[in-house]
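What follows is one structure encoded as structure tokens, with my remarks underneath.
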Amino acid sequence: MAGVKALINADVITMEPELPSAGAVLIEGDRIAAVGSTQEIRRRVPPGGRLIDLAGSVVVPGFIDTHTHFTMTGVNLLAIDCRGVPSIAEVIELIASQRHRALENGLLLAVGLRKDELTDRRYPAIHELDRAFPKEPLCILERGGHAMIVNTPFLAMIPLPEETEGLVRDPSTGRLSGLLRAQANALARKYLYAELIPPARKKAGLLAASERALSRGATTVHCLEGGDIWASDTDVETLLKCEAALPIRTVLYWQTIDANKVLRRGLPRLGGCIWLDGSASIRTAAFFDDYLDDPGNRGILYFSQEEVNRFVLTAHRAGLQVALHAIGDRGIEQALTAYRHAVQHVPRSNHRHRIEHFQFPTEHQMDEAAELGVALAMQPALERMMGGVKGPMAAYLGPERAARCTPIGPMVRRGALVAGGSDSDVTPIDPLLGMGAALTQSNPSLKATAREVLELYTINAARICFEEDQKGSIAPGKLADLVILDRSPLQCPPKEVEHICVLETIVGGGTAFKASREC
């Protein structure tokens, strides 16, 4: 019978409480038909069906990454990658050596820079970039998305009024430094993706991003696209046009506060990185207390409380799911206040409104998030990238705040719905990397168990967008989205989980990725 195959002699981790493990899976077309022992499944394979002996390999549900900027990830995969380059001089040298990768309009786009990883401990200055690139427009995107570093020819390309907040100036000269933060960064990014990146480059990037994600076992990605603050709605249009042809499943979160625009498209959700605040590493995440290395600075709130309350209530009343970006405790407070206000006015018990990141909540905020039924899309690899409790973030936040970063275990123990993601391309789409980071968090009190961590990227990730009837576990009737691994993430030592090999990724019953060599 065409379209029927059985994966046998496997270690199947189903994520289903009634049958947590099995030895085989029967697939008919794009669906799971049966789960059981190898002997049971063998008997159900009709003539012409395929038997695939996995010889003890591990089968888990297809991984779901709940927080990616997918179009941007794809564009950035095709850009000049500055990750791991240790100094400003070497960053400039790398970009100069890759001039041939300029876009059609001459733009040099580089990505992945982090000040904390540079020996100089600062960003390149505009005069350094102008000296190396006097005519070519150059834009370097800071890895977290909340800043960019540019030269004078790039500034000449974008319509930024001189009074724009976040146009950083050299305090000794009063001249522009080349660093764009806050509103300047948001407006420049929006212009970059709307006007300077051609549609063909975005389409090629989406395919490249899909292939990269599939190679690490992701079968679904939540795509946080477009928006009113820093992204372009052209990205939404590009994704909608391309998604049927992509080899990976996508779930669109339109980053807009305009509920009517979303409703007209018939979408059930809005939001994503609707920035309530910024990023801790750029000193724009909003806290109740000052940054240690910048007295008087408590970060930025992009909206008033009244504005957030208004658009959340409008979307909530329309039955939409809402997702808001909040990193610092003051930003988190704004999100919780808006959600509490909406639920009090229009009670909904299963709204699953999301907070993206939820990095530095207070104990009271953790309690309130659980009580309100707020779902949390968290990114464990960000905590590692920020250096942990003894790393760079402790120097600018202090040990107490740093120790609160990404409280996965405490929120799971409170009964909250917590799902995992990458914030790609801040960290790569790599659920196994996220699991490994969650299991090896620098503050042991924030860790979850191995099974809870696997749930972040499977059944919980399906629940956070109301797809648990189709994805997230291995059960009859669900989509045949599966990952075959060389080792079990439940048995592997925590430090080795991120190094587990993806042997094969199956989407809708078909092979979407297969390792070309042995792990």
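What the table below lists for this structure:
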item	result
Those residues of segment 330-387 which are part of a loop (DSSP other than H, G, I, E, B), β-branched (V, I, T) and within 20 Å of P268 (Cα to Cα), in sequence order	V346, V374
2 or more residues of a type in the set (S, T, N, Q): qualifying strands (runs of 3 or more DSSP E) within segment 15-108	63-68
Subset of segment 225-253 [over 18 Å from Q321 (Cα atoms) and at pLDDT 90 or above]	L239, L240, K241, C242, E243, A244, A245, L246, P247, I248, R249
Segment 223-248 residues that are over 12 Å from C273 (Cα atoms), paired with ones that are modelled with pLDDT under 90 and hydrophobic (A, V, I, L, M, F, W, C) (beta carbon under 8 Å, 6 or more apart)	S232/A194; D233/A194; T234/A194; D235/M72
Residue that is surrounded by the most Cβ atoms within 10 Å (Cβ to Cβ), among those in segment 171-187 that are in a strand (DSSP E or B) and within 31 Å of the chain's Cα centre (by Cα)	L180
Candidates A395, A438, A462, filtered to the one that is small (G, A, S), in a helix (DSSP H, G or I) and closer than 20 Å to G271 by Cα	A462
Check on G74, among the small types (G, A, S), under 30 Å from L432 (Cα atoms) and surrounded by fewer than 23 Cβ atoms within 10 Å (Cβ to Cβ)	no
Criterion (more than 30 Å from V389 (Cα to Cα), more than 20 Å from the chain's Cα centre (by Cα) and either aromatic (F, W, Y) or not in a helix (DSSP H, G or I) (or both)) met by exactly one of G227, G266	G266
Counted residues, segment 249-274 - those being touching a residue at least 60 places away in the same chain (Cβ under 8 Å) and more than 30 Å from S215 (Cα to Cα)	1
Breaking point among (1) within 30 Å of E117 (Cβ to Cβ); (2) buried (at least 24 other Cβ atoms within 10 Å of the Cβ); (3) in contact with a Gly (Cβ under 9 Å, 6 or more places away or on another chain), for A326	(3)
Scan of segment 447-497 for residues that are in contact with a Pro (Cβ under 6 Å, 6 or more places away or on another chain), of a type in the set (A, V, I, L, M) and under 23 Å from P407 (Cβ atoms), ordered by number	L454, V497
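The values are calculated or read from the model by the stated rules, or taken from the named source; none is laboratory data. Remember, predicted model here, so these are calculated numbers, not experimental data. As a convention, Cβ positions derive from the backbone with ideal geometry for all residues, glycine included, and neighbour counts pool all protein chains shown.
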